[in-house]
1. For the range 13-25, give me each residue that is surrounded by 12 or more Cβ atoms within 10 Å (Cβ to Cβ) and free of Cβ contacts under 8 Å to residues at least 24 places away in the same chain.
2. Identify the residue in the range 26-46 that is at pLDDT 95 or above and among the β-branched types (Val, Ile, Thr) and, among all such residues, is surrounded by the fewest Cβ atoms within 10 Å (Cβ to Cβ).
Amino acid sequence: MCISPSAPERLSRRVARSKAAESVTDSLATEGLRPTSASDQDADTYVRGAMSAEEMATRALARHHPEP
């Protein structure tokens, strides 16, 4: 049986995901870089909880290192 998280727990997770996404953006800015619009969309999807961090990383790697 799957029990969905409570509203405060969901909010807490969303805040944590948002802070993680902001941290990545800040790190890129420190290097003089800016995320692509596709990366921004993936980050928004991640923050909403509709994508895992692993899936977001896989998508980013695929965009920047396409298979031959």
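1. To start, the set of residues in the range 13-25 that are surrounded by 12 or more Cβ atoms within 10 Å (Cβ to Cβ) comprises 13-14, 17-18, 20-22, 24-25.
Matches in the range 13-25: 22, 24, 25.
2. Once the filter is applied, the top-ranked residue is 30.
The values are calculated or read from the model by the stated rules, or taken from the named source; none is laboratory data. Because the structure is predicted, anything quoted here is derived from the model rather than measured. All Cβ positions, glycine included, derive from the backbone under ideal geometry; neighbour counts span all protein chains shown.
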